[in-house]
Amino acid sequence: MAMSQTPAGAPDSALEAARAEPLHPPMTGRQKILGVVAAVALVAYPFVFNAPFPQHVMIMIFLYGTMAQSWNIMAGYCGQISLGHAMFFGIGAYSSAFLFATYQISPWLGMLVGMILAMAAAAVVGLPTFRLRGHYFAIATLVIGESVQIVVQRWDFIGAASGIWLPIVRENQWANFQFHDSKIPYYFIALGFLAVACLAVRHMERSRLGFYFRAIREEPEAARSLGINITLYKSLAFMLSAALMAMAGTFYAQYVLVVDPEVVFPLTLSILVLLMAVMGGVGTLWGPLLGAAVLIPLSETTRILLGGTGGAVDLMIYGALIVMICLFKPEGLIGLVRHWLPSHAVKKEAGHGDA
Amino acid sequence: MTQEIIIQAIISGLLMGFVYALIAVGLSLIFGLMEIVNFAHGEFLMLSMYTAFWLWSLFGLDPLFALPLTAVMMFVLGIATHYGLIRHILHASMLVQICATFGLAIFLRASAQFLWTPDPRTILDPLVEGRLDIMGIFLGLPQIVASLGCLAAFALLYLFIARSDTGLALQATAQDRQAASLMGIPTDRMYALGWGIGSACVGIAGVLLATFRPTDPEVGALYALLAYVAVALGGFGSILGSLFAGLLIGQMEALGGWLIDPSYKYVVIFSLYLAVVSLRPQGLFGRF
């Protein structure tokens, strides 16, 4: 092990700290129990709450959680702030909807096509923009996203501004990705998609790829001088992120059974996803989910309480909340949770020592 | 005939170009000072348009007379934004800064929708209305007044920044905050002043726009988007860069709409932006 080759004179305390705080500590017994309880609760939830509304709220949390997680890969880990992620969501939604409505191709296949197209789009968008730094990149992705929306609004072949209505099919519900009797299948599919996104991030976080991404985020020049091909790894982050976003797009299309450019390509969607990730905590595995779990119930319940679009009250609260987070908890809500839930034994002991 | 259409398009584009330039320069000034993009810039524009509308609707004050009052109000709003929000996130990451101003934008837009409904509001009997007919070329009078007003405000701003002591202090702060601070310049107050001036600029543009364009909570989005493009195109922080880019965008919008297809004019502008920044990542006049 590298640890055994201690350079002479290295301060013991630093080594102690390094040992005490491994990058990916093994789960403690308490965390394992917590994980099992959470998994059981998630599986039991739709059967306990069998009214449509509580199921819908959870489905939305899973959907937005998937999107926030996907954005997190690009911005949180690789440090590239995209303001145009809705374009990949739209590509996913349109690909499967178009193939199903026109050629009766199963949305599951359509989803794969959408993911491939989104990855290709990410690679193309990356070509002129990866050289740009900071705000120039953010604004470039913003205007590309807006341009894509404008083009889709005028593209008659895929329905222009009126979009695509998916034909209702009542047989072979699983093959056709349409469920008309209950929301429970949607619930589990959305949960599965979220799990895919989280597992992808968890795997990426611990692999060489994750280290490269973080190196590019922290010190692009140093990363380049160490031989990391920055453009290649930025493209990989962007493509992975785009594919997950497209997957969420197909889910959305199958859930509401209609897609149009105002709903699946807007700038507001890109921003909403960004806000969720930041609110929860970017560059962390759980942060984006936490952000979605806080913001979605907020907007869904204000909508129910105040009717219609909630008189925009939900967005007022969103805006105020995100400003508060930026002012007082810039690392996101995950910071609060970590404070309450010590992540492993050593920290816990230290906590007891202080108390 | 075609010739007249071209001239018409060029002049209309020029008129709008000065408005875009004044909106963009407010954004650019703030960025040049502290490297923060104000994503609530469009919402500041929207607020000043509503101010003009309400002053007209409640007190019968014409926007042209309400202009100084609105400019002062927007100046105060800018300063308040600095002290209430920006000052606390100066050293935060770029992502936190983006979210803070986006959060402010969402809050302001939703508040406008909540308070004043999404219906568009029009000032019905402005002091200046109608149009000029010069040899078959029609120009709206409110547009001409707005354009001249923005040009005048731009010129004043340029003189202030280039000639006055305070303007030089602003420039010094933009170049090197620490050195400026060592020379006795109160840099925090300079930042606040930058926010005040930046919002006053967009406030003036907003009032003048309100004389011929209906106001609604979403109105700022498009202008802000064009301003981001103008600022990045001209080079973040460059004053003359934003004038040039504003005029260029005005021309692209007018001629692009005529040459290609009106619905694709913004795609043309965005493509120009992408083309310029891929060749010159620091924008046309930017210092990197």
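The values are calculated or read from the model by the stated rules, or taken from the named source; none is laboratory data. All figures in this text were calculated on a predicted structure; none of them were measured in a lab. Every residue, glycine as well, gets a Cβ built from its backbone with ideal geometry; the counts of neighbours run over all protein chains shown. The area values use the complete protein model at the heavy-atom level, side chains included, leaving out ligands, DNA and RNA. Shrake-Rupley method; radii C 1.70, N 1.55, O 1.52, S 1.80 Å.
With a length cut of 18 Å (Cα positions projected on each helix's long axis) and a Kyte-Doolittle mean of at least -1.0, go through chain A and give me the DSSP H helices that pass.
A:29-48, A:52-72, A:86-103, A:107-129, A:134-154, A:184-206, A:230-256, A:267-280, A:287-306, A:313-328
Take every residue in peptide A:128-135, count the Cβ atoms of other chains within 10 Å of its Cβ, and give the average of those counts.
Across A:128-135, the average partner-chain Cβ count within 10 Å equals 5.
Arrange the peptides B:3-12, A:34-43, A:320-329 so that the one whose residues have, on average, the most other Cβ atoms within 10 Å appears first.
Per-residue Cβ counts within 10 Å, averaged per peptide and sorted highest first, yield A:320-329, B:3-12, A:34-43.
Nearest 10 degrees, 0 to 90: what angle lies between the long axis of helix B:2-34 and the longest principal axis of chain B (Cα atoms)?
So the helix axis and the longest Cα principal axis differ by about 20 degrees.
How large is the accessible surface per residue of the protein assembly as shown, computed with a 1.4 Å probe and reported in Å² as a whole number?
On a per-residue basis, the protein assembly as shown sits at 44 Å².
Restricting to Cα pairs below 8 Å that are 6+ residues apart, what does the relative contact order work out to for chain A? Please round to a whole percent. Intermediate results must be reported in sequence, preceding the final value.
Working: 479 pairs, mean separation 102.4, N = 355.
Reported as a whole number, the value is 29 percent.
What FRET efficiency do you get for B:Val76 and A:Glu171 if R0 is 60 Å and r is their Cβ-Cβ distance, rounded to the nearest 0.05?
Values: r = 65 Å, r/R0 = 1.08.
Approximately 0.40, to the nearest 0.05.
Only helical DSSP H runs with n ≥ 4 go in: add -39500 (n - 2.57) per run for chain A, normalise by residue count and round the 222 nm mean residue ellipticity to 500 deg cm²/dmol.
Rounded to the nearest 500, it is -23500 deg cm²/dmol.
Using a 10 Å cut-off on Cβ atoms, rank the peptides B:48-59, B:88-99 from the highest mean neighbour count down.
The packing order, highest mean first, is B:48-59, B:88-99.
Would any residue of the range B:140-157 have its amide N under 20 Å from a label point 7 Å out along Cα→Cβ of B:Leu124? List them or say none.
Residues passing the 20 Å test: B:142.
In peptide B:228-240, how many Cβ atoms from other protein chains are near each Cβ within 10 Å, on average?
Averaged over the peptide's residues, the number is 2.
Once neighbouring chains are kept in place and the probe is 1.4 Å, which whole percent of the accessible area of chain B is contributed by carbon and sulfur?
67 percent
Cβ neighbours within 10 Å, averaged per peptide: list B:112-123, B:208-219 in order, most packed at the top.
Going by the mean number of other Cβ atoms within 10 Å, highest first, we get B:208-219, B:112-123.
Where a ≥ b ≥ c are the square roots of the eigenvalues of the C-alpha gyration tensor, would you call the range B:2-279 rounded, which needs a/c under 1.5, or, failing that, prolate if a/b is larger than b/c, or oblate?
prolate
Across peptide B:265-271, what mean number of C-beta atoms from other chains lies inside 10 Å of a residue's C-beta?
4
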